[in-house]
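Colleague: Just passing along the structure, written as structure tokens.
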Amino acid sequence: MTTDLEQETRIRYRRTKSVSRAEDLQKEEARVRSSQPDKPCHKPRDSLFSWSSGFDNFTGFVNWGFLLLTMGGIRLLLENFIKYGIRVDPEQWLIVLTGRHEGGADHPSVVLVMYSVVPVVLCLLIEKGLSVEIIGYIPGMIAHIVNLLVLVMIPMVVIHIKSSGFSLIGATSVCMTYSILFLKLWSYIQVNLWCRNRRQSMAKPHLRRQSLSFHHKSISDDVTNGSVDHEEKKTEASLVHYPDNLNLKDIFYYMLAPTLCYELNFPRTNRIRKRFLAKRIVEVVVGFQVVMCLFQQWIIPSVKNSLIPFSNMDVAKATERLLKLAIPNHLVWLIFFYLMFHSFLNLVGEMLHFADRNFYCDWWNANNIDKFWRSWNMPVHRWAVRHLYIPLVEMGYSRTAASVAVFFVSAFFHEYLVSVPLRTFKTWAFMGMMGQVPLSIFSKFMEKRYGPRWGNIVVWASLILGQPLCIMMYYHDYVITHIGEDLIDRYGHV
């Protein structure tokens, strides 16, 4: 054994010497050749496309790809104009947004949005009862659970019963409002529970007597630290403590704040930046017009034309329609991301002096699906980690089980926000979100096996192709469910 080890060591040493000797010979040869009268211009070099060359500056190719993509988009846009003409009609925007031809005269969506104040006030009253111990812990938690379940069920029941009274935009707005309230109230209840448990634990008598020297301070320490202690006391006095936070002003500020996670003391800004606010308002207004134009001009014709190939299971034509829909859909999704997570949330945060503006991270650089979901929607991610993932891990569940639970809750709300407004109770959105679990494993495999770039390609491919496929499936099922198979030809053409 020892002999083999010594022999291997000698071989490695000899190889090292050989490599060093070869490099020395190359340098000596280059020096000698450079002094020759034939003016040599060649030396040992690799081609730039070879991995061994070490070259990695492909900025020109990136510019070329961007230019080619732009030209292809312009061609598709011109083809759309030639085939369908100009379909942009601001009057139709108002009809769709107001639901003039869809909703009833009693406007149930407006009534439900106004009613959403009731569960919020009920939650506050229950918390007040728990804080002064008028309501016991178990009855209080049962009341909270019933309140949250009713909050989620109300849109489902009312939209199902009064289906003719809701427009698509109105039903979607109601479901979105109630979903956000559910997550906010969950956080509000849990944070107040943490504060209540902390207050009860501090109120218990200490069994171990503390040493007298623990609180002893010298006169010099008091003189030296007097100003610091005074500032700390001022800061402490300015903070809101439990149960002083249980009031209408506090809870309604939280309901309007651009966050899903409750705190007793949110970070605040000192002033409203008028120029910053004006920019965000312009972005929201202009961006909304662009999104509506893309919907009317590009997405609606593509979705309608995909119905018949998708219904007939014509794979070639359905794939062509999917790829054709992918470009405008992805463009709208990117604009929507900027409008929602940058323009609108910053607009609300600026008006409410809300200082934490970390609404998104660099999700476009995500090398796997996990990193994407941890960076693209920070308010939801922060809520999921703080109020679902960490509590489950602390209860003894594995990290994998906690992650699956997070995806399950996310899948439920994705399905809730699609199926309830459409009144088409399928599970495509739910399965799409749960499919992120195996897709995450696959993207991590690609990242580990072929490098971060391929993991990022998997992320982008899932975003570009997954959403239009979901749109095509829901449109097909909506036509079949509410209009009938006989009218597919009518709703399958522009």
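Colleague: Of the numbered conditions (1) more than 11 Å from the chain's Cα centre (by Cα); (2) closer than 24 Å to Val191 by Cβ, Ala366 fails exactly one; give the number of that condition.
Modeller: Failing condition for Ala366: (2).
Colleague: How many of the residues in the stretch 410-438 are closer than 23 Å to Phe166 by Cα and not in a helix (DSSP H, G or I)?
Modeller: We begin by selecting, within the stretch 410-438, every residue closer than 23 Å to Phe166 by Cα; these are 412-429.
The next check asks that each one be not in a helix (DSSP H, G or I); those that pass are 423-427.
Of the residues in the stretch 410-438, 5 are closer than 23 Å to Phe166 by Cα and not in a helix (DSSP H, G or I).
Colleague: Does the stretch 399-437 hold any residues that are open to solvent by 70 Å² or more (accessible area, probe 1.4 Å) and at pLDDT 85 or above, and which are they?
Modeller: Arg399, Thr400, Phe408, Phe412, His414, Met431
Colleague: Take the conditions at pLDDT 85 or above, out of contact with any helix residue (DSSP H, G or I) (no Cβ under 6 Å at 6 or more places or on another chain) and under 22 Å from Ile327 (Cα atoms) and apply them to Leu67. Does it pass?
Modeller: Numbers: at pLDDT 85 or above: yes; out of contact with any helix residue (DSSP H, G or I) (no Cβ under 6 Å at 6 or more places or on another chain): yes; under 22 Å from Ile327 (Cα atoms): yes.
Answer is yes for this residue.
Colleague: Is it the case that the stretch 14-28 has a residue that's open to solvent by 100 Å² or more (accessible area, probe 1.4 Å), on the phi < 0 side of the Ramachandran plot and modelled with pLDDT of 70 or more?
Modeller: Checked against the condition, which is being open to solvent by 100 Å² or more (accessible area, probe 1.4 Å), on the phi < 0 side of the Ramachandran plot and modelled with pLDDT of 70 or more, the stretch 14-28 yields at least one hit.
Colleague: Within the stretch 46-61, count every residue that is in a helix (DSSP H, G or I) and exposed (fewer than 10 other Cβ atoms within 10 Å of the Cβ).
Modeller: From the stretch 46-61, those in a helix (DSSP H, G or I) are 51-53, 59-61; that's our starting set.
Narrowing further to those that are exposed (fewer than 10 other Cβ atoms within 10 Å of the Cβ): 51-52, 59-61.
Residues flagged as in a helix (DSSP H, G or I) and exposed (fewer than 10 other Cβ atoms within 10 Å of the Cβ) within the stretch 46-61 amount to 5.
Colleague: Further question: Any idea which of (1) open to solvent by less than 40 Å² (accessible area, probe 1.4 Å); (2) in contact (Cβ under 8 Å) with a residue 12 or more places away in the chain; (3) within 32 Å of the chain's Cα centre (by Cα) is the one Met141 doesn't satisfy?
Modeller: Unmet for Met141, out of (1) open to solvent by less than 40 Å² (accessible area, probe 1.4 Å); (2) in contact (Cβ under 8 Å) with a residue 12 or more places away in the chain; (3) within 32 Å of the chain's Cα centre (by Cα): (2).
Residue-wise test of (1) outside any loop (DSSP other than H, G, I, E, B); (2) closer than 21 Å to Lys304 by Cβ; (3) at pLDDT below 80.
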{"site": "Leu78", "(1), (2), (3)": "yes, yes, no"}
{"site": "Ile86", "(1), (2), (3)": "no, yes, yes"}
{"site": "Trp93", "(1), (2), (3)": "yes, yes, yes"}
{"site": "Leu97", "(1), (2), (3)": "yes, yes, yes"}
{"site": "His101", "(1), (2), (3)": "no, yes, yes"}
{"site": "Ser109", "(1), (2), (3)": "yes, no, no"}
{"site": "Val113", "(1), (2), (3)": "yes, no, no"}
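Colleague: Scanning the stretch 459-483 for residues that are assigned to a helix (DSSP H, G or I) and touching a Phe, Trp or Tyr at 6+ places or on another chain (Cβ under 7 Å), which turns out modelled with the highest pLDDT?
Modeller: Val459
Colleague: Please indicate, with yes or no, whether at least one residue in the stretch 283-295 is surrounded by fewer than 16 Cβ atoms within 10 Å (Cβ to Cβ), among the charged types (D, E, K, R) and touching a Ser or Thr at 6+ places or on another chain (Cβ under 9 Å).
Modeller: No, there is no match, as no residue in the stretch 283-295 is surrounded by fewer than 16 Cβ atoms within 10 Å (Cβ to Cβ), among the charged types (D, E, K, R) and touching a Ser or Thr at 6+ places or on another chain (Cβ under 9 Å).
Colleague: Which fully enclosed helices (runs of 4 or more DSSP H) of the stretch 290-365 have 3 or more residues being over 19 Å from Ala278 (Cβ atoms)?
Modeller: Details: elements: 300-305, 307-311, 315-337, 345-351.
The helices (runs of 4 or more DSSP H) meeting that bar are 300-305, 307-311, 315-337.
Colleague: Quick one: count up the residues across the stretch 245-263 that are within 18 Å of Asp356 (Cα to Cα) and without any contact (Cβ under 8 Å) to a residue 24 or more places away in the chain.
Modeller: Summing the residues that are within 18 Å of Asp356 (Cα to Cα) and without any contact (Cβ under 8 Å) to a residue 24 or more places away in the chain in the stretch 245-263 gives 1.
Colleague: What residue, of Phe372, Phe337, is modelled with pLDDT of 90 or more, open to solvent by less than 60 Å² (accessible area, probe 1.4 Å) and closer than 25 Å to Asn80 by Cα?
Modeller: Among Phe372, Phe337, only Phe337 is modelled with pLDDT of 90 or more, open to solvent by less than 60 Å² (accessible area, probe 1.4 Å) and closer than 25 Å to Asn80 by Cα.
Colleague: If I ask for residues that are part of a helix (DSSP H, G or I) and more than 15 Å from Met340 (Cα to Cα), which ones from the stretch 257-289 would you list?
Modeller: Matches in the stretch 257-289: Lys274, Arg275, Phe276, Ala278.
Colleague: Does any residue in the stretch 310-321 that is open to solvent by 70 Å² or more (accessible area, probe 1.4 Å) come within less than 6 Å, Cβ to Cβ, of a residue that is assigned to a helix (DSSP H, G or I) six or more places away or on a different chain, and which pairs are these?
Modeller: Matching pairs, first to second residue: Lys317/Pro309.
Colleague: Counting just the residues of the stretch 352-369 that are in contact with a helix residue (DSSP H, G or I) (Cβ under 7 Å, 6 or more places away or on another chain) and either free of Cβ contacts under 8 Å to residues at least 24 places away in the same chain or within 23 Å of Glu263 (Cα to Cα) (or both), which one comes out surrounded by the fewest Cβ atoms within 10 Å (Cβ to Cβ)?
Modeller: Among residues in the stretch 352-369 that are in contact with a helix residue (DSSP H, G or I) (Cβ under 7 Å, 6 or more places away or on another chain) and either free of Cβ contacts under 8 Å to residues at least 24 places away in the same chain or within 23 Å of Glu263 (Cα to Cα) (or both), the one surrounded by the fewest Cβ atoms within 10 Å (Cβ to Cβ) is Asn358.
Colleague: Within the stretch 193-202, identify whether any single residue is within 23 Å of the chain's Cα centre (by Cα), among the polar types (S, T, N, Q) and modelled with pLDDT under 95, and answer yes or no.
Modeller: no
Colleague: Can I ask one more? Just checking, which of His381, His342 is buried (at least 16 other Cβ atoms within 10 Å of the Cβ), free of Cβ contacts under 8 Å to residues at least 12 places away in the same chain, of a type outside the set (Phe, Trp, Tyr) and on the phi < 0 side of the Ramachandran plot?
Modeller: His381 is the lone residue from the list that is buried (at least 16 other Cβ atoms within 10 Å of the Cβ), free of Cβ contacts under 8 Å to residues at least 12 places away in the same chain, of a type outside the set (Phe, Trp, Tyr) and on the phi < 0 side of the Ramachandran plot.
Colleague: Oh, and also: Identify all residues within the stretch 144-170 that are within 26 Å of the chain's Cα centre (by Cα), closer than 18 Å to Lys184 by Cβ and buried (at least 17 other Cβ atoms within 10 Å of the Cβ); write none if there are none.
Modeller: Scanning the stretch 144-170 gives Leu148, Leu151, Val152, Ile154, Pro155.
The values are calculated or read from the model by the stated rules, or taken from the named source; none is laboratory data. Since the model is a prediction, treat every value here as computed from it, not as a measurement. All Cβ positions, glycine included, derive from the backbone under ideal geometry; neighbour counts span all protein chains shown. The protein model used for the area step is the full one, side chains on, heavy atoms only, and it has no ligands, DNA or RNA in it. Shrake-Rupley method; radii C 1.70, N 1.55, O 1.52, S 1.80 Å.
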